[in-house]
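Report on the structure given below.
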Amino acid sequence: MMKPARLHKNLSPRSAGHKAWKWVALCLLLALVFFLDIALGTVRIPLKSVLRIILSLPGEDNTGRYIVSQIRIPKACTAVIAGCGLSVSGLQMQTLFRNPLAEPSVLGVTAGASLGVAAIMLGGGSIITLYTIRELGISGSWLITLTGCMGAAGVMLLVIAISRKVRDNVVMLIIGVMVSTATLSIISIWQYFSDAELIKDYLLWTFGSLGGVTGAQLYILAAVTLTGLILSFLSSKMLDALLLGDNYARSMGVTIHRARVIIICSTSLLAGSITAFCGPIGFIGIAVPQMARSIFSTSSHRILIPACCLIGTALLLLCDLIGQLPGSQTALPINIITSFVGAPVVIWIILSKNNLSIYG
């Protein structure tokens with residue numbers, strides 16, 4: 001078991017000031033990439049025009065105003081929501097399994113959410129299509145969210161049940177990958193017997209997109225994600241105790257079963273809703289928590305959760321900015337960019353003993 005003294009590092013006044021400087025730097029970076037994500041894109045709009053549109057000043061053409069207000073700003077807001085949710089859900093998974101490579105997609109939670117969405121997109125034959133779901137508005141959005149969260153929760157419960165009998169973290173990680181593979185196999189079988197039009201809609205969804213969430217759907221996604229984030233932050237002390245092992249957590253008065261249920265609910269809400277609306281987005285959940293630990297040199301979840309929100313949001317906005325290929329007419333799927341950026345971070349995690357040692 002890890003010694004309690006290793007959980008939190010003592011900070012001198014100088015280091016505390018340095019940490020405050022890091023918070024300010026992250027906020028400034030977030031503000032910068034948020035503005036750039038709105039200002040740059042496949043359609044060139046002068047920066048002065050973008051500022052005037054953001055400030056709701058008159059005098060700009062309707063085309064530019066529509067692109068900024070109806071497309072780019074909702075897309076940037078979606079990136080903020082998804083960056084927060086995915087990074088925090090990854091942090092919770094790593095703490096729960098005490099494994100630096102754990103995240104919703106690796107342990108099958110994202111695949112479970114995909115299965116729930118596939119049940120709606122592919123299970124209705126020619127009646128329930130992606131177009132029909134969009135036309136349903138709020139009720140359709142809630143339908144996707146509900147099935148996505150239920151699929152994520154189902155796979156998460158299965159992994160947790162298996163983890164009670166398996167103590168080795170590496171074996172648990174392998175089992176999670178196998179569960180994810182089996183879930184994706186079910187989806188593939190479903191696709192094989194589905195209509196070509198429905199398969200096309202579902203494949204486009206699997207590429208991941210931040211630009212398809214607008215209007216009422218954005219408010220729904222924000223509400224569900226905020227609920228999951230609040231659950232996560234309220235569970236900070238439990239997460240700190242779980243990081244030291246189940247025995248230490250029990251000695252601190254934590255009910256292990258109750259803590260796992262709360263983490264399951266929070267992760268399912270976060271990963272399920274974001275996957276349902278934006279499609280599978282990988283590597284954010286693995287990379288961001290490790291970056292937060294390295295930047296702030298702490299394992300306190302009261303610090304790591306807001307840090308993950310800032311870093312995850314900035315990283316996802318940056319990936320979206322790269323994917324737009326400013327100046328061209330091509331926009332790459334967000335999942336391709338996050339994989340390209342996140343893979344080197346995962347390699348760094350594996351090679352870095354300092355990042356692995358925190359899990360014992």
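Can you find even one residue in the range 49-63 that is modelled with pLDDT of 80 or more, within 24 Å of the chain's Cα centre (by Cα), under 27 Å from residue 310 (Cα atoms) and not polar (S, T, N, Q)? It would help to see each step written out before you state the result.
Let us first name the residues in the range 49-63 that are modelled with pLDDT of 80 or more, namely 49-55, 63.
Those left that are additionally within 24 Å of the chain's Cα centre (by Cα): none.
Among the residues of the range 49-63, not one is modelled with pLDDT of 80 or more, within 24 Å of the chain's Cα centre (by Cα), under 27 Å from residue 310 (Cα atoms) and not polar (S, T, N, Q), which makes the answer no.
Conditions (1) at pLDDT below 80; (2) in a helix (DSSP H, G or I), marked per residue:
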{"site": "10", "(1), (2)": "yes, no"}
{"site": "14", "(1), (2)": "yes, yes"}
{"site": "23", "(1), (2)": "no, yes"}
{"site": "35", "(1), (2)": "no, yes"}
{"site": "38", "(1), (2)": "no, yes"}
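Quick test for you: out of 69, 89, pick the one residue that is over 21 Å from residue 32 (Cα atoms) and assigned to a helix (DSSP H, G or I). Before the answer, list the steps.
On the way: 69 fails: over 21 Å from residue 32 (Cα atoms).
Result: 89 is the single residue among 69, 89 that is over 21 Å from residue 32 (Cα atoms) and assigned to a helix (DSSP H, G or I).
Could you list, in sequence order, the residues of the range 240-255 that are over 21 Å from residue 289 (Cα atoms) and either outside any helix (DSSP H, G or I) or in contact (Cβ under 8 Å) with a residue 12 or more places away in the chain (or both)?
247, 248, 252, 253, 254, 255
Identify the single condition in (1) within 16 Å of the chain's Cα centre (by Cα); (2) assigned to a loop (DSSP other than H, G, I, E, B); (3) not aromatic (Phe, Trp, Tyr) that residue 194 does not satisfy, given that it satisfies every other one.
(1)
Do we have residue 170 as modelled with pLDDT of 75 or more, among the hydrophobic types (A, V, I, L, M, F, W, C) and in a helix (DSSP H, G or I) here?
Criteria not met by residue 170.
The values are calculated or read from the model by the stated rules, or taken from the named source; none is laboratory data. Note that the structure is predicted; figures quoted are calculated from it, not measured. Glycine gets a Cβ as well: all are built from the backbone with ideal geometry, and neighbour counts include every protein chain shown.
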